[in-house]
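A short reminder: the numbers here are calculations on the coordinates, not readings from a lab. Keep in mind it's a predicted model, so treat the numbers as computed, not measured. A quick note on method: Cβ atoms are made from the backbone with ideal geometry, for glycine too, and the neighbour counts reach across all protein chains shown.
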Amino acid sequence: MKRAASQPILKHFREKDTEEDGKINGRDVDSTAKQLTCMTIHKKEAKKSREDFCCREKAWRQEQRSGAARLKRQLKARWTMQKLIDEQLARFQAHFMRAVGPMKLSDMSQLLMPKWSPAHELAAVSWLGDWRPSTILELLRSLIGSLSNPAGVEHALSKLINDVRIEEAVIDEEMTEIQATCVLHLPFGPLEGGGTDLARVKSEFKKIHRVVAKAQRLRLKAVELVVKKVLCQTDAAEFLVAFDGIQDVIHEVAVNASKGPVSIKELGV
């Protein structure tokens, strides 16, 4: 009888355990399903985030490449412009330095009073064979309003013009002294074939040549300083173009003035 009574009790505990296991297993299944769902959503969000990041990264790299390409083109243009500026300065150097080397007496006279320049042009701008350096710089002063940094250029230019004028004054004094004392050294009247008289003439022209060489060096110095030290690249190019243009205009005005009255309108200025 004891064995028979124990069977319902065992059955009760088994059913209870089964019921509890079902509840536990049910909770585990629901919990696992929720975890799987969360993991799936998280993976999708992470994948979308990576895709968005990759898109942003690609877009940024494309923008960077485009910007670098534009900068490269601009740098290439600047290199080209700088090369042209250097070439133009080299032309000035070759032109001004021709008078620094040895010269014949006839070449010196042509330099000081060139036949290809009308008298009006020589009177307007000529100083010991070419443009007065301070006049070249004053031309730039008239262009300051169109430059990229007018205030900075004005300050540097004023100092440069002042320094150049001091050097011009020294050269003028040297030339004045030569002109004042040459009457004491040059033989007036026909030369009688003596080598001494010709040597005295050559000696005076050598003095003049030294002064003219100083003037040419000062002209080159003024142009190079204003282009390399005072102006930026773009402004330097504009200045060189303007200087070339004004030289042509003044020459044309002088040529026409030697033929008779001329108006500025006729020159298209």
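Using r as the Cβ-Cβ distance of Leu71 and Ile166, and R0 as 41 Å, what FRET efficiency do you calculate, to the nearest 0.05?
Step by step, r from the Cβ atoms, then E = 0.45.
Take peptides 240-247, 126-133 and line them up by average Cβ neighbours within 10 Å, highest first, as a rough protection proxy.
126-133, 240-247
How long is the gain from Arg78 to Cys54 if the chain were fully straight, where each residue apart is worth 0.36 nm and the alpha carbon distance is subtracted?
Between Arg78 and Cys54, full extension yields 5.1 nm more.
What's the exposure ranking of His209, His95, His251, going from fewest to most Cβ atoms within 10 Å? Please report the intermediate quantities before stating the final value.
Values: His209 20, His95 13, His251 17.
In increasing order of surrounding Cβ atoms, one gets His95, His251, His209.
Given Cα pairs under 8 Å that are at least 6 residues apart, what percent is the relative contact order of region 98-267?
Here the relative contact order equals 35 percent.
Within 10 Å of each residue's Cβ, count the other Cβ atoms and sort Lys259, Lys202, Lys207 from fewest upward.
With the fewest neighbours first, Lys259, Lys202, Lys207 line up as Lys259, Lys202, Lys207.
Would you please give the FRET efficiency between Ser146 and Glu174, computed as 1/(1 + (r/R0)^6) with r the Cβ-Cβ distance and R0 = 35 Å, to the nearest 0.05?
Working from the Cβ atoms, E equals 0.40.
Please compute the length gained on full extension between Val249 and Lys221, using 0.36 nm multiplied by the number of residues separating them and subtracting their Cα-Cα distance.
Here the answer is 7.7 nm.
Would you tally the net charge around Trp127, using a Cβ to Cβ cut-off of less than 15 Å, leaving Trp127 out, and scoring K and R as +1, D and E as -1?
Values: positive: Arg132, Arg165, Lys214, Arg217, Arg219, Lys221; negative: Glu121, Asp130, Glu138, Glu167, Glu168, Asp172, Glu173, Glu174.
My count for the surroundings of Trp127 gives -2.
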